[in-house]
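Enquirer: My questions will all concern the structure given below.
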Amino acid sequence: MLLNCYVPHVKQLLKPELIARLKGIDFKARMVVEGFLSGLHRSPYKGFSVEFAEHRQYLPGDELKRIDWRVYGRTERFFIREYEEETNLRAYLVLDSSASMAYPDGSYSKLDYGRWLAASLAYLLNRQKDSTGLVTFSKKINRYIPPRATTAHLRIIFRELAGLKPSGDTNISSTLHQLAERIRRRGLVILISDLWDNETAIVPALRHFRARKHELLVFHLFHPDEAKLDFRNPVLLRDLETGQEITVDPRLIKRQYQERFNRRCEYFRRACAEALVDYQPLSITTPFDQALFSYLEHRQRLN
Amino acid sequence: MHFLQPQFLPLLSLGLIPLFIHLLTRLRLRRQNFPSLHLLQTVHQERFSWVRLKEILLLLLRTLVLLIIPLGLSRPGFEPGLPVRFGAERVLVILDDSYSMGYGSRWQKAVSSARLIIQNSSQPELLLASRADTLFTGRNFINRLLDTISPSAGAWTLFPALLRADSLSRQRGLPVVLITDLQERALSRIDFSFPPGKLQIVNLGTQQFDNAGVTGISFHNNRIKVELFNYGGAPVTRTVTLKLKNSVQEQTIALPPRTPITIEFLMNFEKPGLYPGSVELSADSLLIDNVRYFVFHIPEKITVPLFVPTDSAGKYLYWALLTDTLHFQPLTLKTSALSSTQLSHYPVIIIADPGNLKPADFDRLNFYLNSGGSALLCVPNLPSSGLERLIPHQGKVISTGFVTPAEIDTTHPLLADFRTDDFKPIRIFQHTRLAGGRTLIRLTDQSPLVIELPEKNLLVWAFTPEPAVTDLIYKAVFVPLLHHSLKYLVLRTIRHDWFVGDTVVLSVRELAPLRLIGPAGEKTVLPEPALARPLVKITTTRVPGNYRLENNTVYAFSVNPLPAEGDLTPIAEAQLSSLGGKIISSDLHPAGELTALLLYLAAALLAVELVVIGLENYRKTPVRK
């Protein structure tokens with residue numbers, strides 16, 4: 001439904017391969033968000049900030065202080081000035097920076113996609129005057145930036161994202177458990193990760209956030225190669241995290257692998273649905289609007 | 001292992017191609033980073049065994065196919081008993097091409113063995129048992145020759161071939177390989193031995209065999225006697241079929257092992273003439289002795305000149321001949337008329353008392369007998385009759401009382417229809433003592449009463465048919481004995497039964513060309529002048545069958561293999577060792593036997609590979625819902 005609101009050229013601005021060509025993460029985030037927002041005919045999310053939204057006719061019961069006297073002077077009618085609602089949402093962008101996120105070696109990796117997505121979301125949140133924090137992790141929490149709503153804070157987040165290097169193996173479950181304990185005030189946790197860890201351990205960690213009354217949005221990043229194992233000849237595959245190597249003929253095991261991968265995604269989808277967690281599998285070739293829509297839909301539900 | 005086309009063997013290296021490709025793929029394996037092997041390892045472990053198995057299977061199949069195809073093209077064959085290594089050597093092969101080699105698959109094995117040995121020799125030479133005078137050389141020529149020859153006549157003994165091979169072996173130091181069935185008959189007369197180790201024998205004969213054959217046919221008084229012999233070690237039942245002109249008669253008979261059996265067919269020959277026919281035995285493994293051809297000659301009325309000193313002396317003979325005027329016409333002549341009579345007009349003559357002959361008469365008689373005539377002589381009991389030149393005899397024997405016939409030779413065709421008892425009542429009061437020839441009837445005093453001189457076509461009685469000499473003239477056996485004797489003499493002068501490979505010699509009336517019609521076709525033959533009558537010599541008698549020779553007169557004869565060819569009994573080892581030969585094998589596999597097998601195997605392997613690949617593709621294809 002929302003996709004119908006786009007004009008064609010806007011889609012081009014949201015393609016990751018195009019964004020990858022731009023320099024500066026702040027510029028990239030701005031391009032993504034502006035491109036995304038300008039593509040919408042009408043924002044359904046008004047009332048979130050203190051910025052003016054529109055006028056409406058005064059009705060009995062409205063506060064008198066909200067009457068726009070200038071409009072009364074021009075029109076001799078009472079109109080109420082409506083502002084976009086300002087909230088005190090605390091959002092945590094939790095980005096996986098383990099070595100597995102460095103895949104692929106080409107133009108941009110899962111980590112690049114993740115950092116751009118995180119930057120875009122931070123930009124969007126900041127624009128809406130929400131407090132945004134950043135957590136990066138691999139085996140443990142590498143960096144914790146508490147949420148703030150200032151522009152200067154946004155620059156700190158951007159700088160952190162820009163300088164992020166993939167390293168170490170992943171221990172998502174323990175990291176999330178750790179983080180769930182650390183965040184005291186309820187907020188929105190946006191997890192951006194390839195979820196390469198034991199799936200049965202990840203789901204309880206996600207439930208942990210829910211138990212602490214946090215809202216949770218999970219972006220499960222993957223490259224098409226991971227989903228389809230689309231190599232033509234036998235290859236020697238090396239695990240980016242453990243360095244372990246294995247020789248496989250993808251033609252022989254592709255079908256079984258694809259089934260397993262889809263089954264894993266389906267497991268996450270069901271488990272997240274049961275825990276009231278928004279789960280969004282996201283190929284890194286997917287335009288950013290899909291992720292942003294997910295966020296906005298989730299944000300709307302919070303209101 | 002032996003290879004007939006070794007030039008294909010280098011192609012075996014093609015079998016390394018799949019291995020090279022496999023190793024090359026391994027070496028050129030692309031390294032690829034992957035986010036996590038967590039999921040992959042699970043799948044890979046599940047599929048590993050099958051994938052690995054399939055990889056190994058396909059590698060093996062492809063390698064095998066590429067090995068088997070050039071191996072098959074190189075025409076391999078096993079030769080467990082290949083006698084000597086002929087890689088760069090000369091070898092003399094003697095191939096026994098006698099009829100007995102046609103038993104079962106002996107001939108095919110013999111030819112394959114010969115080819116195998118020849119193929120492995122740099123300078124092979126070949127001697128055929130049937131043509132020992134010709135030495136065949138050159139591998140290609142010998143191979144072409146082997147395509148055309150088959151078991152034939154003229155090889156009833158291996159003696160000539162072995163003798164020549166022994167000579168060649170001693171002169172040039174050649175190893176000799178004899179390919180034969182070691183038939184006892186073919187090796188029985190060999191009295192020399194090869195140098196040690198020079199003669200090696202590929203034995204294709206067997207101790208156990210089954211073969212029965214027709215060994216002889218004779219005609220006696222409207223009865224055709226067929227002699228059969230079962231050479232095998234087990235009793236067999238065979239159907240014997242007589243074919244004569246348009247009539248066919250059959251008899252089924254049980255043949256005990258190694259025992260001669262004679263059966264009879266009744267046949268009426270009303271008209272004089274030539275009767276060609278055959279006797280066939282229901283088939284067994286050796287076909288050649290299952291058929292025997294014959295030609296019977298029923299002569300026209302025989303005019304018999306009866307030379308007697310006085311009319312009374314020959315009257316009993318005359319009366320005896322008059323009893324069968326259908327076949328005989330007696331003509332009484334004085335003995336003195338012998339010099340003026342054209343004897344060659346008569347196939348047989350009777351001289352009742354040759355003691356009165358002059359020396360010139362004996363010369364005429366000799367000439368007549370040498371020209372194809374025949375005679376029955378009744379020798380007088382004179383101490384010196386001048387007959388010494390024809391038949392040795394000793395004076396007059398007068399026994400006390402009389403003597404009687406003691407034994408008669410019933411195996412002789414003349415006496416085959418008589419019994420000894422028929423002659424027992426006969427009393428001989430006086431006789432002469434004969435010597436030489438074959439005794440047909442012997443008296444109680446051991447003197448011969450009737451003898452035969454086959455080389456002179458002569459039957460001799462040791463008495464004259466007079467009442468003072470014997471009472472035979474009054475006995476019932478006298479007339480048939482006389483008739484049989486004359487018919488025998490007339491018929492045996494024309495030989496109708498010859499063996500394959502013989503030079504057939506026939507006496508003909510004219511020097512004009514004759515047309516020879518035989519089983520192998522037609523040809524024209526020319527008679528040669530001879531002392532008495534022109535002779536036709538026919539050497540092309542390698543094919544058994546009935547032959548006709550005709551111009552104004554028709555002549556006929558039959559050609560058969562030697563009956564002994566059917567006796568497949570192998571020679572005893574003790575006899576063989578005296579030849580200096582060593583049996584090296586009975587199982588030389590013909591080359592190329594493995595070729596078909598290997599090519600079939602390659603095709604099967606390819607099919608298996610296609611199935612494996614097809615199965616994998618089928619498993620890969622998603623199911624459409």
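Enquirer: Search the range A:174-210 for residues being touching a His at 6+ places or on another chain (Cβ under 8 Å) and of a type in the set (A, V, I, L, M, F, W, C), and hand back the single one that is nearest to residue A:298 (Cα to Cα).
Expert: A:188
Enquirer: In this structure, is residue B:515 at pLDDT below 85 and more than 30 Å from residue B:429 (Cα to Cα)? Lay out the reasoning, then the answer.
Expert: Working: at pLDDT below 85: no; more than 30 Å from residue B:429 (Cα to Cα): yes.
It is false that residue B:515 is at pLDDT below 85 and more than 30 Å from residue B:429 (Cα to Cα).
Enquirer: Here is a further query. Yes or no: residue B:404 surrounded by fewer than 20 Cβ atoms within 10 Å (Cβ to Cβ), touching a strand residue (DSSP E or B) at 6+ places or on another chain (Cβ under 9 Å), within 27 Å of residue B:447 (Cα to Cα) and without any contact (Cβ under 8 Å) to a residue 60 or more places away in the chain?
Expert: yes
Enquirer: I'd like the full set of residues that are more than 8 Å from every other protein chain (Cβ to nearest Cβ) and within 14 Å of residue B:37 (Cα to Cα), limited to the range A:255-278.
Expert: The answer is A:258, and nothing else.
Enquirer: Out of B:432, B:411, which single residue is assigned to a loop (DSSP other than H, G, I, E, B), of a type in the set (Val, Ile, Thr) and modelled with pLDDT under 90?
Expert: Residue meeting the stated conditions: B:411.
Enquirer: Could I ask something else about it? Picking from A:122, A:91, which residue would you name as being under 27 Å from residue A:154 (Cα atoms), modelled with pLDDT of 65 or more and in a strand (DSSP E or B)?
Expert: A:91
Enquirer: Could you grab me the full set of residues in the range A:234-252 that are surrounded by fewer than 17 Cβ atoms within 10 Å (Cβ to Cβ), more than 15 Å from residue A:103 (Cα to Cα) and more than 7 Å from chain B (Cβ to nearest Cβ)?
Expert: A:245, A:251
Enquirer: Any residue in the range B:1-22 that's among the small types (Gly, Ala, Ser): show its pairings with residues that are part of a helix (DSSP H, G or I) and modelled with pLDDT of 80 or more at Cβ separation under 7 Å, as long as the two are six or more apart or on different chains.
Expert: Listed by first residue and then by second, the contacts come to B:15/B:63; B:15/B:66; B:15/B:67.
Enquirer: What are the residues in the range A:100-113 that are out of contact with any Lys or Arg (no Cβ under 7 Å at 6 or more places or on another chain), within 11 Å of chain B (Cβ to nearest Cβ) and either modelled with pLDDT of 90 or more or not in a loop (DSSP other than H, G, I, E, B) (or both), if any?
Expert: Correct list: A:100, A:102, A:109, A:110, A:111.
Enquirer: So which of B:56, B:68 ends up being within 14 Å of chain A (Cβ to nearest Cβ) and modelled with pLDDT of 80 or more?
Expert: B:56
Enquirer: Scan the range A:103-127 and report the pairs whose first residue is among the basic types (Lys, Arg) and whose second residue is modelled with pLDDT under 85, with Cβ atoms within less than 8 Å and a gap of 6+ or a chain change.
Expert: These pairs meet every condition: A:115/A:25; A:127/A:33.
Enquirer: Identify, by number, the condition in (1) closer than 27 Å to residue A:32 by Cα; (2) under 20 Å from the mean Cα position of the chain (by Cα); (3) within 14 Å of chain B (Cβ to nearest Cβ); (4) crowded, with 22+ Cβ neighbours inside 10 Å that residue A:224 doesn't meet.
Expert: Every listed condition holds for residue A:224 apart from (4).
Enquirer: Looking only at the range B:148-176, which residues are more than 28 Å from residue B:568 (Cβ to Cβ), surrounded by 15 or more Cβ atoms within 10 Å (Cβ to Cβ) and either at pLDDT below 85 or of a type in the set (D, E, K, R) (or both)?
Expert: Scanning the range B:148-176 gives a single hit, B:174.
Enquirer: Is it fair to say residue B:251 is without any contact (Cβ under 8 Å) to a residue 40 or more places away in the chain and either in a loop (DSSP other than H, G, I, E, B) or closer than 27 Å to residue B:98 by Cα (or both)? Talk me through it step by step, then tell me what you get.
Expert: Working: without any contact (Cβ under 8 Å) to a residue 40 or more places away in the chain: yes; either in a loop (DSSP other than H, G, I, E, B) or closer than 27 Å to residue B:98 by Cα (or both): no.
Taking the combined requirement at face value, the residue does not satisfy it.
Enquirer: Out of curiosity, is residue A:199 within 8 Å of chain B (Cβ to nearest Cβ) and modelled with pLDDT under 90?
Expert: No, not satisfied.
Enquirer: Mind checking which residues of the range A:254-303 are in contact with a helix residue (DSSP H, G or I) (Cβ under 7 Å, 6 or more places away or on another chain), basic (Lys, Arg) and within 17 Å of residue A:203 (Cα to Cα)?
Expert: Result: A:264, single match.
Enquirer: Condition test on residue A:151, is it of a type in the set (Ser, Thr, Tyr), more than 12 Å from residue A:90 (Cβ to Cβ) and more than 14 Å from the chain's Cα centre (by Cα)?
Expert: On the way: of a type in the set (Ser, Thr, Tyr): yes; more than 12 Å from residue A:90 (Cβ to Cβ): yes; more than 14 Å from the chain's Cα centre (by Cα): yes.
Yes; evaluated as a whole, the condition is true for this residue.
Enquirer: Sticking with this structure for a sec: For residue A:116, indicate whether it is in contact with a helix residue (DSSP H, G or I) (Cβ under 8 Å, 6 or more places away or on another chain) and within 14 Å of chain B (Cβ to nearest Cβ).
Expert: Spelling it out, it is not the case that residue A:116 is in contact with a helix residue (DSSP H, G or I) (Cβ under 8 Å, 6 or more places away or on another chain) and within 14 Å of chain B (Cβ to nearest Cβ).
Enquirer: Looking at (1) surrounded by fewer than 18 Cβ atoms within 10 Å (Cβ to Cβ); (2) in a loop (DSSP other than H, G, I, E, B), can you tell me which one residue A:197 breaks?
Expert: (1)
The values are calculated or read from the model by the stated rules, or taken from the named source; none is laboratory data. Everything numeric in this text was worked out from a predicted model, so none of it was measured. Neighbour counts run over all protein chains shown; Cβ positions are idealised from the backbone, glycine included.
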